[in-house]
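A quick write-up on the structure given underneath.
The values are calculated or read from the model by the stated rules, or taken from the named source; none is laboratory data. Computed from a predicted structure; not experimentally measured. In this analysis, Cβ positions are derived from the backbone assuming ideal geometry, glycine residues included, and neighbour counts consider all displayed protein chains.
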Amino acid sequence: MNIERQKKIAERRAQIPRAYRATYNRAVKGKSLRAAVNAQCLMCCCWQRDEVRNCTDLACPLYAVRPYQIPQNSQNGGFSGAELKKQGKGDKLCQIKRKCSV
Ligand code: SF4
């Protein structure tokens, strides 16, 4: 990687929220097309994952493969297992507790 590109990448990385820097790093290394798509969509939406999920540019080439989409048969609002766990909704004990407290 040439010096000029390294400099531009460092400048861009400094503007990215910490949570997404690893995705950006994988993308710019050219080793992961998934990371490249995820980083591009996040960058397009100012690093707001809900904006990516609700993207309205139906003609964008990345639309069909953008991250954070709500699966058509979703029963959990489109959140991944990790996201649900962060919200305290993912593990079985939390689900049982919620059912029992109703
Ligand atoms: S699919 Fe949507 S979020 Fe992703 S790059 Fe295209 S317009 Fe941006």
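For the range 7-28, which positions are surrounded by 11 or more Cβ atoms within 10 Å (Cβ to Cβ) and among the polar types (S, T, N, Q)? THR23, ASN25, listed by residue number. In the range 56-77, the residue that is farthest from the ligand (Cβ to nearest atom) out of those that are in a helix (DSSP H, G or I) and either surrounded by 10 or more Cβ atoms within 10 Å (Cβ to Cβ) or at positive phi (or both) is VAL65. Residue check: is VAL52 under 26 Å from MET1 (Cα atoms), β-branched (Val, Ile, Thr) and modelled with pLDDT of 95 or more? When the stated conditions are applied, VAL52 does not pass them. Scanning the range 40-55 for residues that are within 8 Å of the ligand (Cβ to nearest atom) and either of a type in the set (Gly, Ala, Ser) or in a loop (DSSP other than H, G, I, E, B) (or both) yields CYS45, CYS55. Given the criteria at pLDDT 95 or above and either away from the ligand (no atom under 16 Å from the Cβ) or among the polar types (S, T, N, Q) (or both), does LYS7 qualify? Yes.
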